[in-house]
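Bear in mind these aren't lab numbers, they're just calculated from the coordinates by the rules spelled out. Computed from a prediction, not measured in an experiment: that's the story for all the values here. Please note: Cβ atoms are built from the backbone with ideal geometry, for glycine as well, and neighbour counts cover all protein chains shown.
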Amino acid sequence: MTAFKTILPAASDAGAQATTLGVMGGGQLGRMFVHAAQRLGYFTAVLDPDVASPAGLVSHVHVQADYLDEQGLAQMLRRCAAITTEFENVPAGALATLGAHLPTAPGAEAVAVCQDRAKEKRHFLRCGVDCAPHAPVETEGQLAAVDASLLPGILKTARLGYDGKGQVTVRTRDELAAAWDALGRVPCILERRLALAFEISVILARGADGTTVELPVQRNLHRDGVLAVTTVPAPGVDTALAAQAVDAARRIAAGLHYVGVLCVEFFVLDEAAAGARLVANEMAPRPHNSGHYSLDACDVSQFELQVRCMTGLPLVAPRLHAPAVMLNLLGDLWFAADGTERTPAWAGVLALPGAHLHLYGKSSARRGRKMGHLTLTAATPEAALAVARQAAQILGLPAPG
Ligand code: ADP
Ligand code: MG
């Protein structure tokens, strides 16, 4: 891996090349990274095959190429001083190629662990962090040998799953066999379905020198496997549980020699449940949807932390300056009950005090597609929740909390 040195933003065009930060992937996370980098005076380059990618549209440079395209990667190497990624399914090979010449945060090896649920779980256990009981399903033999205690369970593809895609709930062995067929018999993990009290996440930033800072712990509500609501401070999370989650996330990051922003998702089980109360679910080698509130509710956002990690700038612990509730805005909001397209009632939402609307500039709305998010901040957690309820009602979303 190429060594990290401090990269400061330059004041003139002459410095453009030395102070261009590159991001692999042009989705909304890349777009918010670009905004943060530009605010600090850096130039940006985005590699994404889509001509209208949300990040490509706002970056100084958009290298329109596939992630493994040699010329595209060469252009990124020519233009950039350091590289990061905005989604974990960038081929680890592309990051390895870039990492041979430029500082990349995170590195290819860390991303490779996050790309594969089996490797990820092995890593959690190696770091002394509990995860759901599970078994690999990659062969007929493994399918037949699955322990009955893992049912009812969730069969998940080992790779390329996101937002609940590539997952099937199974109650019986017959359903398990059918589900593996339906997933194309690709390598999978069967996890026991746990009774969750609720879900939380820890987002940390780790510098090349091992310095680590975290956002406040988030509490997350998923609907149909997709994040719907994030609440901070996290209700029901006392100091001891928060410290336990942060400590686990730090060990997971340190074990990967991680540099950059990392999110670890956890399940919190009922206190009455036997065994561990805190269970690691999965991790993402990048800023995370559950940290979007930090743009409006913290003095340093998760995207600025990513910029600071890759440029060797100091990491300071972000301070929450307002309790916040974040509502995800999926493409469904763009369709009326009869299926016709519409524009959501933004004016009504923006009339609410403490409403911060972020739209990602996607070219078209589709059901389930992440189109934007709305963060509601207020002086107290109760007031933030109350205004989030009003916003949800205006938009036609289920009530949060
Ligand atoms: P994705 O990569 O799609 O986010 P996750 O593994 O995080 O996949 O699963 C999505 C959601 O499904 C989780 O946030 C949780 O709500 C639910 N879920 C996943 N695994 C389990 C499990 N073993 N027990 C109970 N709920 C689960
Ligand atoms: Mg998840």
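Highest-first packing order for the peptide set 226-234, 161-169 is 226-234, 161-169, based on the mean count of other beta carbon atoms within 10 Å. Once you reduce the range 312-362 and the range 254-269 to the center of their Cα atoms, the two points are 25 Å from each other. For the chain, the dipole from Cβ point charges (+1 on Lys and Arg, -1 on Asp and Glu) about the Cα centre works out to 280 debye, to the nearest 20. Stretching E341 away from D224 to a fully extended chain increases their span by 39.9 nm, per 0.36 nm per residue minus the current alpha-carbon distance. Judged by the mean number of other Cβ atoms found within 10 Å, the most tightly packed of the peptides 333-341, 198-206 leads the ranking 198-206, 333-341. Secondary-structure-derived ellipticity at 222 nm for the chain, considering helices only, amounts to -8000 deg cm²/dmol, per-run term -39500 (n - 2.57) for DSSP H runs with n ≥ 4. Counting charges near A242 (Lys, Arg +1; Asp, Glu -1) among other residues having Cβ under 12 Å from its Cβ returns a value of -2.
Each Lys and Arg adds +1 at its Cβ and each Asp and Glu adds -1 at its Cβ; summed about the Cα centre, the range 69-211 shows a dipole of about 140 debye. Under the convention that each Lys and Arg Cβ holds +1 and each Asp and Glu Cβ holds -1, the size of the dipole of the range 195-321 around its Cα centre is about 240 debye. Which FRET efficiency value, to the nearest 0.05, is calculated for S149 and A240 with the Förster distance at 25 angstrom and r the Cβ-Cβ distance? Once rounded, the FRET efficiency stands at 0.30. Within the shell defined by Cβ-Cβ distances under 12 Å, the residues around L395 carry a net charge of +1, with Lys and Arg each +1 and Asp and Glu each -1.
Take each peptide in 184-196, 368-380, 27-39, count the other Cβ atoms within 10 Å of every residue, and average; sorted highest first, the result is 27-39, 368-380, 184-196. Fully extending the segment from R319 to T169 would add 50.1 nm, taking 0.36 nm per residue of separation and subtracting the current Cα-Cα distance.
Between A100 and L77, the simple spin-label model (points 7 angstrom out along Cα→Cβ) gives 0.7 nm.
For the pair the range 230-246 and the range 66-106, the centres of their Cα atoms are 35 angstrom apart. Give, as a single signed number, the net charge of other residues whose beta carbon lies under 14 Å from the beta carbon of A145, with Lys and Arg counted +1 and Asp and Glu -1. Net charge around A145: -2.
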